[in-house]
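*Asks:* For reference, the structure I am asking about is given below.
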Ligand SMILES: Nc1ncnc2c1ncn2[C@@H]1O[C@H](COP(=O)(O)OP(=O)(O)O)[C@@H](O)[C@H]1O
Ligand SMILES: [Mg+2]
């Protein structure tokens, strides 16, 4: 043994111990999922039901009506004729190139995942803005959720719930929820002290402060959060298809294993098109929300 | 006293981690700097005793950081004191429960802020109606009720504008309309006009004085500007480092400043415009000569007095009765700066 061995050999746990450690963790988690997997599944049943219903509805609706609805929503959100025309052309191309059904499935899961994220994330952000301690607790969790590779948390989710729509939905949500929580919290914390003090001075109660001042003034930030949450949900579509989520990710995965360049490219571009439409529409809606902040000054 | 609307008694405020634990030091006379160095606490207010009469404009004045904002926020308890009492209409505000305090803020005392404190997502009409909406009045009804105040402060036609579209002066008119709309008897104004240009500030003072002639509210008005204080104040209290160093009739403060801090404060004022005859006259005397109203200032009186044969004039009250007399020497003496009367040794740092 040379004196420099200390520097050249990494201190390592002995093989057997390490194997036992991993086995113990796996075993206890497996026990846990055997115990609770089913009740968790039942808990998510309503969400699953809604997801399936929405997917069926989208698929059963005649395509011209879908395109009309998309164009209408794009107009309501953005008030820009270019965004409306772009949306219509994208959806026509998607239909023409045979990706209609997958796109509807993707739209369904994105809608449900985003709704779920907002329903959980916005109240969580509001609570976080109220308490510095809660913020200190939740922020690192959000950091971990955003930095841990998505494949890693697929493992426990699959162990718990198997392969299917619900575990896919949960994975998408874990990945996509941090921005809405963060930006709701931030937006509320950034509300001008003076505006809140005025509310207090006139005797506003908790709900009058929250819904009359804090949320309206935080809305631009909350909207940025919604936008990012949608974007992240969309970018999770390919990975989620590995564990049984239908949609545009499935053909992409197939293209990787079979080296179908064109198929992969088309579906990839369809995802990009959806992303751009969502992004432009929500962003210009968010910008319209804060128009009153920069009125032209009358001197 | 019965006609005192607001009574502030032995009020202390210390900012920091454990204010109660250092209160004793402050009560024993520890200074603001010493408290900060030795105990890491900031002295906000120290043994404040002020009686504010109903239906008048009481001004609280002091340099930046002297504790003015802290003091006025104790009246509606936006800030909790470390010790002391705050009696409004005979009732201790500090003893109020949550709901009672909320009612107090909704109905009894409204506030105007230095930086306006408007809600940028509400229109002028919605901002003006805000206090009523918080009381539970439906928005449309609240707008109808507050419309009169929007017009009264000169904002007719701007109801649907957003604050960002208005100039500072117009924004503060919105702030004023909002405060008036709840019909609160007490109006708390924290440097309400300080952020405005001088000309607009004078405009707003006129608006306020005009309103006060009609409404007779109890107004607590904070300012760091002596001219403003003298223009609108029925009484003035002067704060330094969180303590009141002189309070009373504005004329009295100008003629008999308590220390050099106040002398510094008053040295730049235009004495000819500010000091009134009633302040300088010899009470109960009369002379051969012209008659002048007691509320004339020295500048207005100077010409008449110096042209009078006896270089003197009688001072009369509103009914025309002579209440005293004044001569040219007194007028000239009044125009020159006084020395510190009470404590000439105490030089202000
Ligand atoms: N929340 C606070 N924490 C610590 N110190 C404060 C706080 N608020 C005010 N102060 C201090 O109290 C003093 C008085 O402040 P303030 O009432 O705002 O003065 P003014 O309104 O006269 O300019 C200042 O020294 C200020 O630094
Ligand atoms: Mg202040």
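*Asks:* Let me have the relative contact order for the range B:271-335, percent, based on Cα pairs under 8 Å that are six or more residues apart. Mind showing how you got there, number by number?
*Replies:* Details: 137 pairs, mean separation 26.1, N = 65.
The value is 40 percent.
*Asks:* What is the Cα centroid distance between the range A:148-165 and the range A:27-81, reported in whole angstrom?
*Replies:* Here the two parts' Cα centres lie 18 Å apart.
*Asks:* May I ask for the percentage of alpha-carbon pairs in the range A:150-299 that lie more than 29 Å from each other? Write down the numbers at each step before the final one.
*Replies:* Working: 4249 of 11175 pairs.
Everything past 29 Å amounts to 38 percent.
*Asks:* So how far apart, in nm, are the two label points at residue B:148 and residue A:152 if each is 7 Å from Cα heading toward Cβ?
*Replies:* About 6.7 nm, to one decimal.
*Asks:* What's the whole-number percent of alpha carbon pairs in the range A:126-174 lying beyond 17 angstrom?
*Replies:* Details: 545 of 1176 pairs.
Roughly 46 percent, rounded to a whole number.
*Asks:* Looking at chain B, send over the antiparallel percent of its DSSP beta bridges, to the nearest 5. Could you put the intermediate results ahead of the total?
*Replies:* Details: 28 of 49 bridges.
DSSP beta bridges in chain B are roughly 55 percent antiparallel.
*Asks:* Okay, next question. Hey, rough spin-label estimate for residue A:35 and residue B:319, points 7 angstrom out along Cα→Cβ, what's it come to in nanometres?
*Replies:* 9.4
*Asks:* Now, a different point. Along Cα→Cβ, 7 Å out, is where each label goes; now give me the distance between the ones at residue A:192 and residue A:136 in nm to one decimal.
*Replies:* It works out to 3.1 nm between the two label points.
*Asks:* What translational diffusion coefficient, in µm²/s and rounded to a whole number, does the Stokes-Einstein relation yield for chain B at 37 °C and a viscosity of 0.692 mPa s, taking the hydrodynamic radius as the Kirkwood radius over Cα pairs?
*Replies:* Working: Rh = 22.2 Å.
D = 148 µm²/s.
*Asks:* Largest first and to the nearest Å, give the Cα extent of the range B:40-157 along each principal axis.
*Replies:* Cα spread of the range B:40-157 along its principal axes, largest to smallest: 48, 32, 32 Å.
*Asks:* Of A:8, A:24, B:82, A:139, how do they rank once you tally other Cβ atoms within 10 Å and put the fewest first? Before the final figure, lay out the partial values.
*Replies:* Values: A:8 7, A:24 10, B:82 20, A:139 15.
In increasing order of surrounding Cβ atoms, one gets A:8, A:24, A:139, B:82.
*Asks:* Okay, next question. Take the Cβ-Cβ distance between residue B:283 and residue B:252 as r, set R0 to 22 Å, and report the resulting FRET efficiency rounded to the nearest 0.05. If you can, show how the numbers build up before the last one.
*Replies:* On the way: r = 14 Å, r/R0 = 0.65.
For residue B:283 and residue B:252, the calculated efficiency is 0.95.
*Asks:* Same structure, new question: Rounded to the nearest 0.05, what FRET efficiency do residue B:107 and residue B:299 give with R0 = 41 Å and r taken as the Cβ-Cβ distance? Could you check? Please list the in-between numbers first.
*Replies:* Numbers: r = 44 Å, r/R0 = 1.07.
According to the calculation, E is roughly 0.40.
*Asks:* Given a cut-off of under 8 Å on Cα pairs at least six residues apart, what relative contact order in percent is computed for chain B? Let's see the in-between values first.
*Replies:* Details: 652 pairs, mean separation 59.0, N = 349.
Here the relative contact order equals 17 percent.
*Asks:* Which whole-number percent gives the relative contact order of chain A, counting Cα pairs below 8 Å spaced six or more residues apart?
*Replies:* Details: 295 pairs, mean separation 64.5, N = 299.
Contact order relative to length: 22 percent.
*Asks:* For the range B:70-228, what is the convex hull volume of the alpha-carbon atoms per residue, in Å³?
*Replies:* On the way: hull volume 19.3 nm³, N = 159.
Here the figure is 121 Å³ per residue.
*Asks:* For A:111, B:167, A:131, what ranking results if the residue with the fewest other Cβ atoms within 10 Å of its Cβ goes first?
*Replies:* Details: A:111 17, B:167 14, A:131 11.
By the 10 Å Cβ count, ascending, the order reads A:131, B:167, A:111.
*Asks:* Next question. Using every Cα-Cα pair within the protein assembly as shown, state what percent have a distance larger than 40 Å. Intermediate values should be presented prior to the final figure.
*Replies:* Numbers: 109316 of 209628 pairs.
Tail of P(r) above 40 Å: 52 percent of Cα pairs.
*Asks:* Report, as a whole number in µm² per second, the diffusion coefficient that Stokes-Einstein gives for the range A:236-294 at 4 °C and 1.567 mPa s using the Kirkwood radius over alpha carbon pairs. Please list the in-between numbers first.
*Replies:* Working: Rh = 13.1 Å.
For the chosen part, D equals 99 µm²/s.
*Asks:* Quickly estimate the mean residue ellipticity at 222 nm for the protein assembly as shown, helices only: each DSSP H run with n ≥ 4 gives -39500 (n - 2.57), and the total goes over all residues, rounded to 500.
*Replies:* Details: 30 runs with 378 residues, N = 648.
That calculation yields -18500 deg cm²/dmol at 222 nm.
*Asks:* If you don't mind, there's one more thing I want to ask. How many angstrom lie between the Cα centre of the range B:244-271 and the Cα centre of the range B:161-238?
*Replies:* Taking the Cα centre of each part, the range B:244-271 and the range B:161-238 sit 23 Å apart.
*Asks:* Based on a Kirkwood Rh over C-alpha pairs, give the Stokes-Einstein translational diffusion coefficient of chain A at 25 °C and viscosity 0.890 mPa s in µm²/s.
*Replies:* Numbers: Rh = 22.1 Å.
D = 111 µm²/s.
*Asks:* For each of A:96, A:175, count neighbouring Cβ atoms within 10 Å of the residue's Cβ, then give the residues from fewest to most. Walk me through the numbers on the way to the answer.
*Replies:* On the way: A:96 9, A:175 22.
Listed from fewest to most nearby Cβ atoms, that is A:96, A:175.
*Asks:* No solvent, one uniform scatterer per C-alpha: report log10 I(q)/I(0) for the range B:284-332 via the Debye equation at q = 0.19, 0.20 1/Å, two decimals.
*Replies:* -0.49, -0.55
*Asks:* Which residues in the range A:91-118 have a backbone N closer than 17 Å to a point placed 7 Å from the Cα of residue A:57 along the Cα-to-Cβ line?
*Replies:* Counting only backbone N, you get A:104-117.
*Asks:* Kindly provide log₁₀ I(q)/I(0) values, in the same order as q = 0.25, 0.31 Å⁻¹, from the Debye equation applied to equal alpha-carbon scatterers of the range A:1-43.
*Replies:* Evaluating at q = 0.25, 0.31 Å⁻¹ gives log10 I(q)/I(0) of -0.84, -0.97.
*Asks:* Can you tell me the 0 to 90 degree angle between the C-alpha axis of helix B:139-152 and the longest principal axis of chain B, rounded to 10?
*Replies:* Computed tilt is about 20 degrees.
Each value in this text was obtained by applying a stated rule to the coordinates, not by laboratory testing. What you are looking at is a predicted structure, and each value in this text was computed from that prediction instead of being measured. Virtual Cβ from ideal backbone geometry, glycine too; neighbours counted across all protein chains shown.
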